Amino acid sequence: MPRLPQRIVCLSTETVEVLYDLGEEARIAGISGFTVHPPRARKEKPKVSGFSSAKADKILEVRPDLVLAFSDLQAGICADLVKAGVEVHLFNQRDVAGILAMVETVGRLVGAPERAQALANELAARVEAVRQAAAALPCRPRVYFEEWDEPMISGIRWVSEFIAIAGGEDIFAELAAKPGAKERIIADPDEVVRRAPDLIVGSWCGKHFRPEKVQARPGWDVIPALARGQLAEVKSADILAPGPAAIRLGLPALAAAIRDAAEALARG
């Protein structure tokens, strides 16, 4: 029998959520302070790191036998932990397929491949249900998804995929494949005006979306979304972390906003 990890540290919220979904939360020895899902994890598990800021000695205090990390932003702390003799698995999922693959991989790591496959199938079915519902929309609204306001940053790849799945058209789809936020900065606000979105969705990472700030941007009053009052917020914690919550919570919220925009367009 392979030796399974008993003391896992999760440096991002997605793997915490998966382990809880699999019923394997007893293996978690520490989490990131930015963990959101599930809410009970924040009460039950010690917080041993930030997201992009972490100290190896703090993590080592909980004696992990496996650390699960995410993205290039955690590459440095992963290197430090490897040097300290800790086994590390760094995920880098950036699309819907990657989210499902991450779920399956976590399941294999803890000896629960069947439960992980069932979870991945459930999430895939949710995606397909949204896709099928979107097929009935009267039109495909043009969507501007704003991940940050100063500077303006457009949506990452899985968000862009969600927009298409939910029946919209991402006006900055060409930027979505860029993995880094700096590569998705919209330097010229007038470019949003030129692309004329029918819907603006704000999901400002770590803070509330403020529609009045968007409405006050010079020259933006001619944007169709503002003219029709089609501004919506999807909570950043529900969509900007590529895990189950993004599919369970973020995708439906985005789909609802796109449906409202499509119906408004159809009414003229």
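All of the numbers you see were taken from the coordinates with simple rules; none came from a lab. Owing to the predicted nature of the structure, the values given are computational and were not obtained by experimental measurement. Ideal geometry is used to build each Cβ from the backbone, glycine not excepted, and the neighbour counts take in all protein chains shown.
For this structure, a couple of remarks:
- A Cβ-based charge dipole, computed about the Cα centre of segment 223-268 with Lys and Arg at +1 and Asp and Glu at -1, lands at about 60 debye.
- Given +1 at the Cβ of Lys and Arg, -1 at the Cβ of Asp and Glu and no other charges, the dipole of the chain around its Cα centre is 480 debye to the nearest 20.
- Reachable lysines, given that their alpha-carbon falls under 18 Å from the alpha-carbon of LYS58 and they are not under 8 places away in the same chain: LYS45, LYS47, LYS83
- Prolate/oblate/rounded label for segment 116-172 (Cα gyration tensor, a/c 1.5): oblate
- Efficiency of FRET from Cβ geometry, ARG195 and ALA256, R₀ 22 Å, rounded to 0.05: 0.45
- Separation between Cα centres of segment 1-22 and segment 221-244, rounded to whole Å: 31 Å
- Residues ILE258, ILE223 in ascending order of nearby Cβ atoms (within 10 Å, fewest first): ILE223, ILE258.
- Equivalent ellipsoid dimensions for segment 189-268 as semi-axes, Å, which come from the Cα gyration tensor, largest first: 23, 16, 9
- Stretching the chain fully between ARG40 and GLU263 yields a gain of 76.5 nm (0.36 nm per residue, less the alpha carbon separation).
- The charge dipole of segment 133-268, taken about its Cα centre with unit charges on the Cβ of Lys, Arg, Asp and Glu (plus for the first two, minus for the last two), comes to roughly 200 debye.
- Gyration tensor (alpha-carbon) shape descriptor, segment 1-107, a/c threshold 1.5: rounded
- Helical content alone sets the calculated 222 nm signal of the chain at -12000 deg cm²/dmol, taking -39,500 (n - 2.57) per DSSP H segment of four or more residues and averaging over every residue.
- In this label model, ALA118 and LYS55 are separated by 4.2 nm, measuring between points 7 Å along each Cα→Cβ vector.
- Cα gyration tensor shape for segment 115-268, rounded if a/c is under 1.5, else prolate or oblate: oblate
- Taking a straight line from the alpha carbon of LYS213, these lysines sit under 30 Å away, with near neighbours fewer than eight places off in the same chain left out: LYS178, LYS182, LYS235.
- Based on the convex hull around the alpha carbon atoms, the chain presents an average projected area of 14.3 nm².
- Projected label distance in nm at ILE185 and ASP65, using a 7 Å step from Cα toward the beta-carbon: 4.5 nm
- Amide H contacts of PHE91 (H built 1.01 Å from N, in plane; Pro and chain starts excluded): ALA69, PHE70, SER71 sit under 5 Å, all sequence-distant by 5 or more or on other chains.
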